[in-house]
Amino acid sequence: MPSLGQGRTPSSPPQRGPDQSFTLGADGWVLERFGRDLAVLRTDVTPASGAAGLLVLSCEGHERRWRLSLPRPMPEVLPENATSGDILLRPSRSPGRLNLALIGRAQITGRRVLTLAETRSSGDGFVPAFVRLLKAGPERFDLLMRTAGPALRHRLFGTAVPAVVFAPVVRRTDLIAFDDFLATCLATSE
């Protein structure tokens, strides 16, 4: 009987499970404004086949949210009872253009809904930084997960395989929506 970890070196990442590649913004990005201090930016999270999920960004007063609803759960990446964890969202395949990674704490629901909520008094939060990354035009984003708990406290993101890969689609009219959304987020933080 093979021993646990046989055939793997300590630096080799775990094998990737079923395809978790999605397109963001294939049908465009929708900006909704409700007064001066509430804006919602949303788009579909489209797999190669099957039902779509949804990405919703919102700014209201000093509260900002990033909520990702995937069309199917991430069973290989998240334990069934995981309720929170750290996410690392990094642009990839964009050499020399982007080297910023975003890290945040997210609530996990049903291994398919990730919600990151933040309260910021300046413009340097996860939500505005994510929109700025979209504007910069990365070829793709990798989303890595690390669940909370004492057993995984010291697990590094560098040893994780991307849980989800996004290929963003950004059109010229989407850039206007991004700028308007950022203006609302930054105005409400003053």
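Of note:
- When each of the peptides 62-69, 21-28, 168-175 is scored by how many other beta carbons lie within 10 Å of its residues on average, the order from highest to lowest is 62-69, 21-28, 168-175.
- Less than 5 angstrom separates the built amide H of Ser21 from those of Val165, all sequence-distant by 5 or more or on a different chain.
- Backbone HN-Hα couplings from phi across region 136-143 [Karplus 6.51/-1.76/1.60, Hz, Gly and Pro as x]: 6, x, x, 5, 7, 10, 10, 10
Quick note: the coordinates plus some simple rules give every number you see, no bench work behind them. Being a predicted model, the structure only gives us computed values, none of them experimental. Note that we place each Cβ from the backbone using ideal geometry, even for glycine, and neighbour counts take in every protein chain shown.
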